[in-house]
Amino acid sequence: MKIYVMRHGEAASGSPDARRPLDTTGQQEVARIADWFASLMGDDAHRLTIVASPYDRAQQTARIVGRALQVDDIMTLPIMTPDAPPQEMIDWLADHLDPRENNAPCLFVSHMPLVAELVGQLVDGGANARLPMGTADVVELEAEVWAAGLARLVRHVTPQNATIA
């Protein structure tokens with residue numbers, strides 16, 4: 001089973017934090033990744049489930065990717081905020097993604113440090129494991145079971161190295 005974990009694009013500064021939108025650079029980063037994603041997914045793009053943090057910049061990122069893949073529905077998951085404990089997300093994955101079923105691939109759009117800690121713990125298993133991610137980076141993971149230390153890092157794509165097939 002596969003999931004993708006994405007950090008939102010570059011955001012404007014401001015307050016409150018949850019209301020910060022993508023800036024122009026962030027919109028461009030996300031558009032490049034969205035094109036890469038559409039190329040990667042091909043005819044199966046519409047099957048992708050997109051799940052995003054409730055924060056504006058993550059919702060905006062998810063909508064840009066969704067438009068490129070012709071995915072209209074974006075699921076909002078309140079536990080995907082920047083400082084949320086990664087274990088909550090790991091528990092959610094274990095409860096909602098059953099490898100025995102033919103689940104559609106999922107894209108999770110969130111923030112640092114959650115994305116770095118989530119990916120680090122899924123792959124390495126250590127409580128302090130992290131995989132630093134730049135804005136609009138996407139990590140592809142595979143696992144039979146979603147639990148700490150049981151995922152395999154398939155690829156890490158940045159807006160700079162996102163090549164369209």
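Annotations for the structure displayed:
- Mean residue ellipticity, 222 nm, helices only, the chain: the sum of -39500 (n - 2.57) across DSSP H runs of n ≥ 4, divided by residue count and rounded to 500, is -10500 deg cm²/dmol.
- The H on the amide N of Ile50, modeled in the peptide plane, is under 5 Å from the matching H of Met75, Leu107, each at least 5 residues off or on a different chain.
- Distance between modelled label sites at Asp124 and Ala94, nm, 7 Å Cα→Cβ extension: 2.0
- Per-pair calculated FRET efficiency, R0 = 35 Å: His46 and Glu144 via Cβ, rounded to 0.05: 0.85
- Only one item in (1) 2.58; (2) 0.95; (3) 1.05 matches Cα Rg over 2.2 N^0.38 Å derived from the coordinates shown, and that item is (2).
- Sequence-ordered 3J(HN,Hα) estimates for region 15-21 from the Karplus curve with 6.51, -1.76 and 1.60 and θ = phi - 60° stand at 8, x, 4, 5, 9, 5, x Hz, glycine and proline given as x.
- Shape of region 97-151, Cα gyration tensor, a/c cut at 1.5: oblate
- Residues Arg155 and Thr24, FRET efficiency given R0 of 30 Å [Cβ-Cβ distance, rounded to 0.05]: 0.65
- Interchain or long-range residues, amide H under 5 Å from Ala11's placed H: Asp23
- Region 25-121: C-alpha gyration tensor shape, a/c 1.5 cut-off, then a/b vs b/c: oblate
- Cα-based shape type of region 71-165, given that a ≥ b ≥ c are square roots of the gyration tensor eigenvalues and the cut on a/c is 1.5: rounded
- Summary of the geometry: region 1-16 and region 100-165, compared by the centres of their Cα atoms, lie 13 Å apart.
- For region 5-107, applying the loop criterion from DSSP together with a ceiling of 13 other beta carbons within 10 Å to the GluC sites (Glu not before Pro) yields Glu101.
We did not get these values from a lab; they are worked out from the coordinates using the rules stated. Predicted, not measured: the structure shown is a model, and the values here were computed from it. A quick note on method: Cβ atoms are made from the backbone with ideal geometry, for glycine too, and the neighbour counts reach across all protein chains shown.
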